[in-house]
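Report on one structure; see the data block that follows.
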Amino acid sequence: MKLANVKDRAALVVADGVADIELATAGQFGPELAPIYDDWLDFADVARNVTEATGPLVEADLGCPVSPRQVFAIGINYRAHSEESGVTSPEVPGTFTKFPTCLAGPYDDIPLVGDTNDWEVELVVVIARRAHHVQKADAWNHVAGLAVGQDISDRHLQFAAADQWSLGKSRSGYGPVGPWVVTPDEISKPDDLAIRCSLDGETMQQARTSQLIFSVPRLIVELSAITTFLPGDIVFTGTPSGVGYVRQPPRYLQPGQILESWIEGIGTLRNRCR
Ligand code: ZN
């Protein structure tokens with residue numbers, strides 16, 4: 001199942017288009033996304049029977065498919081990225097937040113502020129239910145779905161004031177997510193997905209999620225041991241190597257460039273910088 005946001009209404013991506021959830025469920029669910037995540041298990045049961053499109057799938061209609069109260073993001077979670085960043089691999093997940101108002105749709109423009117903005121393609125995990133102290137073997141049962149995310153980072157702001165990662169990664173529009181949320185049952189090996197991003201067609205990052213230092217189940221265990229997950233919360237799981245600010249010379253996003261972010265089995269984000 002693929003859950004999308006079509007013109008600010010919850011919709012399922014089906015074989016020949018999209019199915020508006022309020023229409024398809026006779027008003028039981030939709031049009032808002034947040035209550036769907038709040039009642040995820042019941043929704044998933046009902047949504048499984050929705051197969052008929054109510055309209056065409058139009059890329060430009062797609063908005064951000066998540067509506068989280070809490071956004072977790074992991075700083076260093078691929079060994080090659082820790083090496084290029086000149087830091088030792090952490091013993092526990094280095095965690096910050098992206099404030100939810102930075103989230104954006106899969107094809108939205110990225111409104112750049114300043115001249116040190118960087119790309120970070122990431123696997124995004126959407127949490128299915130309220131949870132505290134999740135066990136590792138049960139962790140995937142707490143995942144509603146997976147999406148592609150871009151943790152756009154203003155490096156100057158991020159490293160100001162002796163590091164303020166949350167603020168430096170939370171400018172408006174600096175968190176494209178999508179193109180939809182795919183349930184794990186649709187993905188044959190959810191722990192080993194190819195992940196890539198390109199800038200104007202030039203590959204910048206390329207890895208597999210099996211290279212994560214802290215796997216998706218491990219992140220769910222570690223984070224839920226400290227905080228309580230709420231349904232619909234999301235986790236940006238960290239970015240592979242190939243970011244711009246560590247290059248010689250450094251490279252940053254420029255107005256007019258097209259940033260494409262792709263994960264196997266999920267889909268592609270395409271965001272124009274302006
Ligand atoms: Zn990141």
Practice task
Read through the list (1) closer than 30 Å to Ser188 by Cβ; (2) away from the ligand (no atom under 16 Å from the Cβ); (3) not in a strand (DSSP E or B), then give the number of the only condition that Ala144 fails.
Solution key: (3)
Handout entry: Filtered residue count, the stretch 216-256, keeping only those that are open to solvent by 30 Å² or more (accessible area, probe 1.4 Å), out of contact with any His (no Cβ under 6 Å at 6 or more places or on another chain) and more than 19 Å from Val125 (Cα to Cα)
Key = 11
Problem - Selection from the stretch 76-112 of residues that are among the hydroxyl-bearing types (Ser, Thr, Tyr) and in a helix (DSSP H, G or I) - result: Ser82, Thr101
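Please determine, by comparing only the residues of the stretch 80-95 that are within 20 Å of the chain's Cα centre (by Cα) and touching a residue at least 24 places away in the same chain (Cβ under 8 Å), which one is most open to solvent (accessible area, probe 1.4 Å).
Thr95
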Practice task
Considering each of Lys136, Lys98 in turn, give the residue that is open to solvent by less than 10 Å² (accessible area, probe 1.4 Å), among the charged types (D, E, K, R), assigned by TED's automatic domain parsing to the domain that holds Phe229 and in contact (Cβ under 8 Å) with a residue 24 or more places away in the chain.
Solution key: Lys98
Handout entry: Only one of Gly168, Gly178, Gly145 that is touching a residue at least 60 places away in the same chain (Cβ under 8 Å), touching a Lys or Arg at 6+ places or on another chain (Cβ under 9 Å), crowded, with 20+ Cβ neighbours inside 10 Å and of a type outside the set (S, T, N, Q)
Key = Gly145
Fill in the blank from the handout: Exactly one of Ala53, Ala73 is open to solvent by less than 40 Å² (accessible area, probe 1.4 Å) and in a strand (DSSP E or B), and that residue is Ala73
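The values are calculated or read from the model by the stated rules, or taken from the named source; none is laboratory data. Because the structure is predicted, anything quoted here is derived from the model rather than measured. Heads up, the Cβs are rebuilt from the backbone with ideal geometry, glycines too, and the neighbour counts pull from every protein chain shown. All accessible areas refer to the heavy atoms of the entire protein, side chains included, with ligands and DNA or RNA removed. Shrake-Rupley method; radii C 1.70, N 1.55, O 1.52, S 1.80 Å.
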